[in-house]
Amino acid sequence: MELSDREYSTLQQMVEQGLADASRAISSLTTGQIQLNSPQLTWVQLSAMPRIAGVPDSVVVAVYLGIEGDLDGHLMLLFTEEGACRTVDLLMGQSLGTTPGLDDLALSALAETGNICGSSFLNAISDRTGLRVVPTTPAVVIDMAGAILESVVTDLYMNGDEVLMVETGFNGLVPGHFLLMPNQDSMAKLLAALEALL
Amino acid sequence: MNEPMAVGLGELKGSRDPEAQLVCYGLGSCIGLALWDLRSRVGAMAHIVLPDSALSRGPVVQPAKWADTALPAALELMAGMGASRTTTVARIAGGARMLNVVGAGSRLDIGARNIEAVREVLRRHDMRLTAEDVAGTWGRTLTLHVGTGRLVVSTAGRGEQEL
């Protein structure tokens with residue numbers, strides 16, 4: 001799928017706004033210590049997706065939310081195990097290194113991080129386009145990066161071979177990724193909605 | 001020892017080199033199909049992504065991506081390397097449900113459909129399925145040692161086993 005320069009910059013602007021909202025929401029809970037960097041929008045071949053977070057059998061902590069409503073797609077936060085523990089510390093207002101491992105409480109804190117990032121991001125898209133988009137409840141999975149991403153890729157393959165991936169990192173203390181992957185039909189809907197705004 | 005040959009999403013690779021290892025890294029909902037001919041010691045592995053090539057929107061350019069087209073392609077590749085299908089056995093791993101999300105419904109449970117599709121296509125081609133490690137909610141790395149036919153499934157936190 002090809003994007004015109006104008007479509008690309010409108011999309012970029014909307015995504016930046018959404019991430020700024022998500023960033024504000026999450027930093028207000030963590031006294032500003034978790035922030036999202038400005039996003040990269042790239043077309044990625046689905047076959048290459050399982051490798052985006054490093055070697056496909058490296059273990060990661062993923063917080064996954066499906067996108068439902070007028071658009072279909074996937075949101076995912078990916079952390080190393082250490083990054084996930086640090087995120088929990090920041091959310092709980094503890095000094096870094098307090099969380100030794102990911103127990104049930106830690107996992108639900110991570111799910112909540114996904115919820116907050118996802119909801120505020122999708123709200124921004126809703127507000128701007130008038131499309132109704134909501135996240136599913138989050139799932140937290142600790143497993144091989146490739147295996148987790150593969151499950152998303154499989155769904156996306158149903159209607160295309162590539163995906164527009166919005167990728168951003170958590171700055172500073174918590175290395176991680178925030179990924180937005182709409183399927184191709186939804187991409188077309190999203191662009192049509194953006195076009196109507198121009 | 002040779003560098004393991006990674007079999008990526010939708011890929012098919014075969015070898016008759018006794019030192020070779022064919023590997024599907026990080027299988028989630030996909031299926032790793034390992035074929036090995038015990039007579040010629042030719043091995044092949046396919047990284048199957050989806051159950052049926054009828055789901056393809058365009059022409060099938062990557063047969064190993066789909067369960068129904070992966071098996072014939074793998075058998076053909078192996079025949080070209082001197083394998084005989086009557087002495088070839090099949091083993092599979094994968095088909096997990098990694099993301100258990102309430103509300104996302106069946107669209108994320110492609111793993112179960114993949115397992116069924118691969119079993120069915122093996123039956124249709126009269127291929128023996130001698131072992132499987134499928135379903136569940138965890139990822140798997142599948143390694144076929146071509147020289148011996150040894151097939152190992154490894155996981156993150158659930159150890160490894162031979163199939």
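What follows draws every value from the coordinates through simple rules; no lab data is involved. Note that the structure is a prediction, hence the values are computed from the model and not measured. As a convention, Cβ positions derive from the backbone with ideal geometry for all residues, glycine included, and neighbour counts pool all protein chains shown.
Worth pointing out:
- Overall form of chain B per C-alpha gyration tensor (a/c, 1.5; a/b vs b/c): oblate
- Other-chain or far-sequence residues with amide H under 5 Å of B:THR137's (modelled H): B:ARG97
- Compared with the direct C-alpha span, the chain from B:ASN100 to B:VAL152 gains 16.1 nm at full extension, assuming 0.36 nm per residue.
- Karplus (6.51, -1.76, 1.60) ³J(HN,Hα), θ = phi - 60°, over segment B:84-99, in Hz, Gly and Pro reported as x: 10, 6, 5, 10, 9, 10, 10, 9, 10, 8, x, x, 7, 10, 6, 10
- Segment B:1-104: GluC sites (Glu not before Pro) falling in loop per DSSP and having at most 12 other Cβ within 10 Å: B:GLU19
- Over chain B, relative contact order from alpha-carbon pairs under 8 Å, at least 6 apart, %: 28 percent
- Gaussian network model of chain A, springs between alpha carbon atoms under 10 Å - residue of A:SER95, A:SER23, A:SER38 with greatest fluctuation: A:SER95
- Amide H contacts under 5 Å for A:MET165, placed H, 5+ residues apart: A:THR42, A:TRP43, A:VAL44
- Dipole magnitude of segment A:90-163, debye to nearest 20 (Cβ charges: Lys/Arg +1, Asp/Glu -1, about Cα centre): 340 debye
- The distance separating the Cα centre of segment B:1-61 from that of segment A:75-153 comes to 32 Å.
- Within segment B:7-23: backbone nitrogen closer than 17 Å to the B:SER40 label point (7 Å, Cα to C-beta): B:13-20
- For B:SER84, nonlocal amide neighbours, meaning residues 5 or more places apart or on other chains whose placed amide H falls under 5 Å from its own, are B:SER40.
- The string of couplings for segment B:153-163 from the Karplus curve (6.51, -1.76, 1.60, θ = phi - 60°) is 9, 10, 10, 8, x, 10, x, 9, 9, 9, 9 Hz, one whole number per residue in order, with x for Gly and Pro.
- Dipole axis of the protein assembly as shown (+1 Lys, Arg; -1 Asp, Glu on Cβ), positive-most option in A:LEU110, A:VAL59, A:ALA124: A:VAL59
- Given +1 at the Cβ of Lys and Arg, -1 at the Cβ of Asp and Glu and no other charges, the dipole of segment A:65-198 around its Cα centre is 400 debye to the nearest 20.
- For segment A:1-144, radius of gyration divided by Kirkwood radius, i.e. Rg to Rh on alpha-carbons: 0.98
- Local electrostatic count, B:GLU120, Cβ distance below 11 Å [Lys/Arg +1, Asp/Glu -1]: +1
- Helix A:81-92 vs. chain A, principal-axis angle (Cα, 0 to 90°, nearest 10): 80 degrees
- Residues in segment A:31-52 reached by a label modelled at A:LEU3 [backbone nitrogen below 12 Å; 7 Å Cα→Cβ]: A:39-44
- The mean number of partner chain beta-carbon atoms within 10 angstrom of a residue's beta-carbon across peptide B:26-35 is 5.
- Here the protein assembly as shown is treated with +1 on each Lys and Arg Cβ and -1 on each Asp and Glu Cβ, and its dipole about the Cα centre works out to around 840 debye.
- Percent of Cα pairs in the protein assembly as shown per distance bin of 10 Å, from zero to the largest separation: 6, 25, 30, 22, 13, 5, 0.
- Formal net charge of residues neighbouring A:SER47 (Cβ-Cβ distance under 13 Å; K, R +1; D, E -1): -2
- Tilt relative to chain A, helix A:104-129 - C-alpha long axis, 0 to 90 degrees, to 10: 20 degrees
- The helix-only estimate of mean residue ellipticity at 222 nm for the protein assembly as shown, built from DSSP H runs of length n ≥ 4 each weighted as -39500 (n - 2.57), is -11000 deg cm²/dmol after division by the residue total.
- With only Cα atoms counted, segment B:1-72 has Rg and Dmax values of 12.8, 41 Å.
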